[in-house]
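This report refers to the structure that appears directly beneath it.
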Amino acid sequence: MDRVQESESQENTTSSQSVELGDIAASWTRRGLLTGMTGAAASSAAKAQGPVPFNGPATRVRRDDLYYLVNRGSFGYTPELYAEGETRGYDGWLDWQLDHASIQDADVDVILSGYPTLSMTYRELYLGYGPNGNLGDNFDVARALTSTRIERAVKSNRQLYERIIDFWADHINVPQNDNPLRLFRTVYDREVIQEHALGHFPDMLMASAKSAGMLMYLNGNENVAGAPNENYAREVMELHTLGVNGGYNENDIRELARCFTGWTFFPQNSSMFGEFRFDSGSHDFGSKVVLGQAIPAGGGVSDGEFMLNYLAMHPTTAEYISKELATYLLDYDPPQELVDEAKAMYLATSGDMKEVVRVILDKRWIPLVGPHSTPKLRRPMHFVSNILRTPGVVMLNVNSIILALDLLGQRPFDWSSPDGYPNDLETWGSGVLPRWSFAFNVFLGTLSGVSVTTNALYQALGSPNLSNVTARAAELLAGGNIDPEDLRDVDNFVQSGAATTGEAIMRNTLALLASSPSYQYL
């Protein structure tokens, strides 16, 4: 009987019959199995020397246009999602995903219904999970939001929507790293980011500025006449709108801070706890000039509202956000022609992000982005989600996934500074060994909370045999879009006999391919 076909009867023998991770890692580096990764000659030596960097992506793989779209517009390719694209066509798939509200997501809705904190108001959260709460503590609220972020990334049918939510979570970052923010961040996620992710940016910016989460995080509730706090005024221009080189100066920051004096939220003893409140007694009613805009005396809350709308629709903001979003979705250095067109769409539609995303993901840009020669490294959240979306892999709970993302450096909502998780190769192009470990722990069936049965893999691979298991695994993981050298190296391992059972062959083949450079990159 073929060694792969034998796998159906080898359901629970992974740990005893699979090749050990250390042995595999050693053989990679000795034989040059995975091009683009460097390290020591053995796994133990690699660990001693610290993270192994990516020296660059594999460049020979030809990624087809639909794979380009599906892989960037989701938390990872699946055969089902790709087949939907084949049926709808490139533009039809994009239209379908941009109309996220029309996509049925019943399975995820059931999962979310098990987390009651997600729909609670500020006051309900405070009464139930605050200092004297009778339902739990603020860590319970934070864990629920973190868990469901992962659940949605892995399981939602609204994949492009979830990707854009991920972008905004960094662009207008509010972490959940202290007691009040652990309560406030849940409402912020629901009412600011989810509500406006594919809506109009001016609405999102206003909702963010008036949210208890942002007010608390950047000290807006401490911003009063006579002693203005400049934190939010600085970050709203530097990070949320104009960008660090956006043409403002220190005086603009001071004047803008005066516009926001008196912006706060209702206190804990109020039935409206956490809701936005304008405290006129703390507002600076004097005249102001910000970025050349004269704001007459006596304006009140309208001072800040005017400036937020002005900033949101500034041409520099349109370009900055368009470039940031294109960088996130496509390329570390997106072509200026693309950015210009996205900027024009932004200004023409009052910041309609659905239309801006449509421009950025247009098929016309594929040759200019060059995904076949300069692909973009997946951030940990994307890499982990992609593996967990593989048919045959079933995520039962997220506790071990949260720990893995901790190790990889991208636990959701845990970036403490206002700039959000970085989106560059320098940050994520090291620490390869934890990525390898995660891939092997999943496919070898040793990661708690994740079920990967032999029979499920055998069925997902289409009943493979020794001659086609590598190609079948490449199809399952990436629609065949794996570098030929990576495929050859993995197949050499398969044919070497190092793995002696069908189960071990399947599991190690998938783990090796998921650890290859061409899978790490979009």
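Please treat every number below as a calculation from the coordinates, not as lab data. As the structure is a prediction and not an experimental result, all values here were calculated from the model. Cβ placement follows ideal geometry from the backbone for every residue including glycine, while neighbour counts extend to all protein chains displayed.
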What do you get for the angle between helix 138-155 and the principal long axis of the chain? Use alpha-carbon atoms, 0 to 90 degrees, nearest ten.
50
Taking θ = phi - 60°, what integer Hz values does the Karplus form 6.51 cos²θ - 1.76 cosθ + 1.60 yield along the range 349-354, in sequence order, with x for Gly and Pro?
10, 6, x, 6, 5, 4
Can you work out the Karplus-derived ³J(HN,Hα) for every residue in the range 172-185? Use 6.51 cos²θ - 1.76 cosθ + 1.60 with θ = phi - 60°, whole Hz, and x for glycine or proline.
10, 4, 10, x, 10, 10, 8, 4, x, 5, 5, 8, 6, 5
Would you please classify the overall shape of the range 390-522 from the alpha carbon gyration tensor, given that a ≥ b ≥ c denote the square roots of the eigenvalues, rounded means a/c under 1.5, and beyond that prolate means a/b larger than b/c while oblate covers the rest?
prolate
Label residue 306 and residue 139 with points 7 Å out from Cα along Cα→Cβ: what is the distance between them in nm?
4.8
Kindly put 317, 500 in sequence by how many other C-beta atoms sit within 10 Å of each C-beta, fewest to most.
500, 317
Roughly how tilted is helix 302-312, in degrees to the nearest 10 and between 0 and 90, from the longest Cα axis of the chain?
40
Can you show me the helix-derived [θ] at 222 nm for the chain, built from DSSP H runs with n ≥ 4 at -39,500 (n - 2.57) apiece and divided by the number of residues, rounded to the nearest 500.
-14500 deg cm²/dmol
Tell me whether the range 131-275 comes out rounded, prolate or oblate; compute the Cα gyration tensor, take square roots of the eigenvalues as a ≥ b ≥ c, and use a/c under 1.5 as the rounded threshold.
oblate
Sorted peptide list for 330-338, 230-238, criterion being average Cβ within 10 angstrom, highest first
230-238, 330-338
Karplus-derived HN-Hα couplings along the range 207-217 (A = 6.51, B = -1.76, C = 1.60, θ = phi - 60°), whole Hz, x at Gly and Pro
4, 5, 4, 9, 7, 4, x, 5, 4, 6, 5
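Taking square-rooted eigenvalues a ≥ b ≥ c of the alpha carbon gyration tensor, is the chain rounded, prolate or oblate, where a/c under 1.5 means rounded and, failing that, a/b exceeding b/c means prolate?
In terms of gyration-tensor shape, prolate.
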Any residue on another chain or 5+ positions along whose placed amide H is under 5 Å from the amide H of residue 482 is listed here as none
Between the alpha carbon centres of the range 461-492 and the range 92-158 the gap in Å comes to 36
Residues with amide H under 5 Å of residue 265's amide H, sequence separation 5 or more or different chain, H placed in the peptide plane at 1.01 Å from N; which?
277
Amide H of residue 377 versus every other amide H placed in the peptide plane: which residues, excluding those fewer than 5 positions away on the same chain, fall under 5 Å?
522
